[in-house]
Amino acid sequence: MGLIAAAVPFFLLSILVEWLWGRWRGRDTYRLTDAVSSLTLGGLSQARRFVALGVGGSVYAWLASITPFTTWSAEGGWAWLLAFVLYDLCYYCSHRAGHEIKLFWAAHVVHHQSEDYNLSTALRQTSSGFLFGWIFYTPMFFIGVPAEMMVTVGALNLIYQFWVHTEHVGELGWFEYVFVSPSNHRVHHARNARYLDRNYGGVFIVWDRLFGSYQRELASEPCVYGITKPIRSWSPVESWVHVYRDMFNDMRQTSNWAERLWVPFSHPGWQPSDVAAARPLSEGDELPFEKYDPQVSVARKVSGAANLALITVLLILAQRSEILRGYEAYVWALMLWFGVGNAALLSNAESRLFRFQEGVKLIALAVLAGLLSLPLALVITPLALIGVSWQLFERESKEVAGATS
Ligand SMILES: [Zn+2]
Ligand SMILES: [Zn+2]
């Protein structure tokens, strides 16, 4: 089991603790709808491995075979420390490109769509980062860092980044000069014009101070979270594709060939001049900013949470269950199906397609429950039934409301 999978129970427990702490202090930073959306995207990003191999793997192997440097020994502590620091420098470059080059932003944007800032935001991860993200780590293989060392320091880097996604920790004195902290990472997630494209470090904020991308959090300018062109949807598919789609539309619509070819490499805020004249993008902190916040019934919230639990159970089963070995791609598809349906549920959607989706979900689960052992079926079935029951509860409460009005 990988380090990240092992850390998941700790992540989920910390989310619960942060939520309870916030409620106790009278400063709840969670909305169920937003947290469900973030955690669904996190689960799907983990399951992504079921459907595609890392594109970079063969390039890494090739680089390791042609390098004039000898492979590092994984024995010495210094080698680990150096690999950890170098990984963070590569992460800085990758992350900076992820914000300043449209093709890379299209993948990384998923992490920034939440308009809340809490520990669930940390788990909101891209599923298309594997396409190009590996490019930035190739130097490490060239200088001889062994693959196992690379995987371990990469996982540690990601795990470190979890705790900084909170509003409950203020500035931390000297720590702010060396490490990525809740305060300087809040700035990174803010859509205020002053805070855009700042603080890219993963573990060390030193890189930002060195390369001129540091910005301190200012008491006079509270962070407003989210992206400058909000997606206003909980759908994982919309989260994944919207920047790619805008990019292709810009390329299709412009009549200038040089600008067309430049689009993927441009800054995310840039558009071809003729397209920008016709439909300009919004820039920075237009205020007042209203969060995307469809109000949904308690029945839908309970069902949404149950559906998220189902997605999580499916992910765990696909990783652990012998019975599902070889069927991982189907599990990924099922998780996506549930995720899309759940997003519609939490946006107050009413459609025939949605009912069809719920029907397919129940059939798929019945098949799965038949395949699995009895104890697992006993976990899945109640969750599925809670997930569907919103239709009954909600209709009933509407009828009551209709009868009393
Ligand atoms: Zn970022
Ligand atoms: Zn973040």
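The values are calculated or read from the model by the stated rules, or taken from the named source; none is laboratory data. Keep in mind that this is a model prediction, so the values were computed, not measured. Virtual Cβ from ideal backbone geometry, glycine too; neighbours counted across all protein chains shown. These area figures cover heavy atoms from the full protein model, side chains too; ligands, DNA and RNA do not enter into them. Shrake-Rupley method; radii C 1.70, N 1.55, O 1.52, S 1.80 Å.
Residues L374, L392, L385: which one is at pLDDT below 75, open to solvent by 70 Å² or more (accessible area, probe 1.4 Å) and under 29 Å from S297 (Cα atoms)?
L392
Here is a list: A155, A74, A147. Which entry is within 24 Å of the chain's Cα centre (by Cα) and more than 16 Å from ligand 1 (Cβ to nearest atom)?
After applying the criteria, what remains is A155.
Please determine, by comparing only the residues of region 29-44 that are in contact with an Asp or Glu (Cβ under 9 Å, 6 or more places away or on another chain) and farther than 18 Å from W240 by Cα, which one is least open to solvent (accessible area, probe 1.4 Å).
Taking the candidates together, the pick is T29.
For region 237-330, which fully contained helices (runs of 4 or more DSSP H) count at least 2 residues that are under 25 Å from Q113 (Cα atoms)?
Those helices (runs of 4 or more DSSP H) span 273-278, 298-320.
Within region 352-371, which residues are charged (D, E, K, R) and either open to solvent by less than 60 Å² (accessible area, probe 1.4 Å) or modelled with pLDDT of 75 or more (or both)?
E358, K361
Take V164 and tell me if it is closer than 24 Å to L63 by Cα, open to solvent by less than 20 Å² (accessible area, probe 1.4 Å) and either within 11 Å of ligand 2 (Cβ to nearest atom) or in a loop (DSSP other than H, G, I, E, B) (or both).
no
If I filter region 145-152 for residues that are under 18 Å from T70 (Cβ atoms), open to solvent by 50 Å² or more (accessible area, probe 1.4 Å), assigned to a loop (DSSP other than H, G, I, E, B) and not aromatic (F, W, Y), do I get at least one hit?
No; the residues of region 145-152 include none that is under 18 Å from T70 (Cβ atoms), open to solvent by 50 Å² or more (accessible area, probe 1.4 Å), assigned to a loop (DSSP other than H, G, I, E, B) and not aromatic (F, W, Y).
Limited to region 226-263, what total is found for residues that are farther than 24 Å from F289 by Cβ and open to solvent by 20 Å² or more (accessible area, probe 1.4 Å)?
Qualifying residue count for the region: 15.
Looking at (1) modelled with pLDDT of 95 or more; (2) within 15 Å of ligand 1 (Cβ to nearest atom), find the lone condition where V178 falls short.
(2)
Let me spell it out: the conditions are (1) free of Cβ contacts under 8 Å to residues at least 40 places away in the same chain; (2) closer than 26 Å to Y87 by Cβ; (3) open to solvent by 20 Å² or more (accessible area, probe 1.4 Å); (4) not in a loop (DSSP other than H, G, I, E, B), and H188 meets all of them except one. Which number is the exception?
(3)
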